[in-house]
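Rule-based calculations on the coordinates, nothing more; no lab input. Just so it is clear, the model here is predicted, and its values are computed rather than measured. In this analysis, Cβ positions are derived from the backbone assuming ideal geometry, glycine residues included, and neighbour counts consider all displayed protein chains.
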Amino acid sequence: MSEVLRRLPEGFLWGAATSAHQVEGGNRANDWWRFEQQPGRIHGGDVSGDACRHYERYDSDFALAESDGHNAHRLSIEWSRVEPAHGRIDDDAVSHYHDVFAALRRRRLLPVVTLHHFTNPAWIADQGGWENRETLDRFSDFVRLCAREYGGEVDWWCTINEPEVLAFRAYSEGLWPPAKRDDNAALEVMANLIEAHARAAAVLREEDRVDADGDGHATRIGFAKNLVQLEPSRPWFPLDRLRAHFENEKFNEAVMDAPLTGTIALSIPGARAVRRSVPALRGSCDWFGLNYYTRWKVKMFAPDPHVARAGGERSDLGWEIWPPGFEQSLVRAGRGGLPVLVTEHGFADATDRTRPRALVKSLLHLGCAIDRGVNVIGYLHWSLLDNFEWADGYRGRFGLYRVDFGHPDRPRTRTRSADLLARIAHANAIPRDVAAEAGVAL
Ligand code: IFM
């Protein structure tokens, strides 16, 4: 038995995360499917298509997670499958997700269920998407349906994934559907998504009264925030500092403060500020969902204001691999006093050459965050499988399991990272030999 470098708290959640559109395949009724058909939208002309065929293969995928010592799994329910037209509920889709939750239960994987992970039913998009305030009502209806249907199987609900990323990519940068470049719309959408989280939390607490996992809580609610580290590219240049500060305020701080203060306050230079009091936001989270990937160096007056640090190690998508930032993000996430669940963390690395070391180093930093007083309750790696990485198509390979997208059966191949994470999860600790094998200098 190898010496242990770091033990994790008892009951720690270990697992991986996915989202429906990225892995299921065949999601034809949402805004992303339509977007993918437009030339030039997705890198290399990729389309989600059959994705990983996880819609059929979920049980064997969960078997991989189970044998790797995972005890939790994050996934999303695809709204457009369950409600392909306004008010029309697809019974087959509803029962499919019952089967999925039953499979998770059989494999002793705690479901952490996301209700909105970037995709919208096409009919929602046609009605103005998240710019239209009615979407908040429609989403609440969908959440009510999920709470009633699945409340007996699910306690851990993640209402919305990365509201800030969706708002900026889709409405400010124009890179995701509906491909707008309008900062006013981006702020409104971000506020609507945060408000939708508060409403969803209220609905879940009202409708889901069944304690599915027997821990004394019928619901455990949070949302997932991408907490990117933003630093001035030239720390001596006041305008870079100013821009980094502003972006951190609107992208990180404002989103994290909202569920604590009950106020959504968003502003960026040149756009209409949004200030909304949403009392239901206060106390809406039982935990904080942290997604951490990278840090960006921020530059004023540059065609690309966000760059990876020169000379730093990078992932296949050009994102800096910076494990100390994980600790910083965890410490920031813990400041509000909520337990922190890592809902995503990972690296695009098709060859799995850099991931093992980055992964283990990051987990050592997670341990340091715990030492600094952060109540970290679990770690869900992004992702279980290589999958459809939105506008980057299939070039961002985040999987613990490689997927051969050229093969009709989409065979999976286990990576070294999957093995290392499995050994950590089984031990609920970071053994010295695992760290050494991963190439972490001790
Ligand atoms: O793939 C995405 C996921 O859908 C949301 N968080 C970031 C991941 C990597 O870009």
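Residues whose amide H comes within less than 5 Å of that of Thr263, counting only those at least five positions distant or on another chain, are Val278 (H built at 1.01 Å from N in the peptide plane).
At R0 = 41 Å, how high is the FRET efficiency between Glu249 and Asp409 if r is their beta carbon distance? Nearest 0.05 is fine. Taking R0 as 41 Å, the efficiency between Glu249 and Asp409 is 0.30. Taking other C-beta atoms within 10 Å as the exposure proxy, Trp130, Trp322 rank Trp322, Trp130 from fewest upward. Segment Ser67..Asn132, full-extension length gain: 19.0 nm, with 0.36 nm per residue of separation and the alpha-carbon distance subtracted. Taken as Cα centroids, the stretch 310-340 and the stretch 166-240 sit 18 Å apart, rounded to the nearest whole angstrom. Amide H contacts of Leu230 (H built 1.01 Å from N, in plane; Pro and chain starts excluded): Trp296 sit under 5 Å, all sequence-distant by 5 or more or on other chains.
Extending 7 Å from Cα along the Cβ direction at Asp182 and again at Ala280 yields two label points whose distance is 2.5 nm.
In order along the stretch 228-243, the phi-based Karplus estimate (6.51 cos²θ - 1.76 cosθ + 1.60, θ = phi - 60°) of 3J(HN,Hα) comes to 7, 7, 10, 10, x, 5, 10, x, 7, 9, x, 6, 5, 5, 4, 5 Hz; Gly and Pro are listed as x. Under 15 Å from the 7 Å Cα→Cβ point of Thr351, by amide nitrogen: which residues of the stretch 387-404? Hits in the stretch 387-404 for Thr351 at 15 Å: 397. Close amide H partners of Val340, meaning residues 5 or more places away or on another chain with modelled amide H under 5 Å apart, are Phe288, Asn375, Val376, Ile377. Taking the fewest neighbouring Cβ atoms within 10 Å as the starting point, the ordered list for Arg276, Arg108 is Arg108, Arg276. Placing +1 on the Cβ of every Lys and Arg and -1 on the Cβ of every Asp and Glu, with nothing else charged, gives the stretch 270-383 a dipole about its Cα centre of roughly 540 debye. With both labels modelled 7 Å from their Cα along Cα-to-Cβ, the Arg105 to His43 distance reads 4.0 nm.
Suppose R0 equals 51 Å. What FRET efficiency, 1/(1 + (r/R0)^6) with r the Cβ-Cβ distance, do His86 and Asp419 give to the nearest 0.05? About 0.65, to the nearest 0.05. Converting the Cα gyration tensor eigenvalues of the chain into ellipsoid dimensions via √(5λ) gives semi-axes, longest first, of 29, 27, 23 Å. Largest GNM mean-square fluctuation among Asn132, Asn27, Asn192, using the chain with Cα springs under 10 Å: Asn132.
Restricting attention to the chain, lysine pairs at least eight places apart or on different chains and with alpha-carbon atoms under 24 angstrom apart total 10.
Per the helix-only calculation at 222 nm, which mean residue ellipticity applies to the chain, given -39500 (n - 2.57) for every DSSP H run of n ≥ 4 and division by its residues, nearest 500 deg cm²/dmol?
-11000 deg cm²/dmol
Residues within the reach of a label modelled at Arg7 (point 7 angstrom out along Cα to beta-carbon, backbone nitrogen below 19 Å), restricted to the stretch 402-442, are 423-435.
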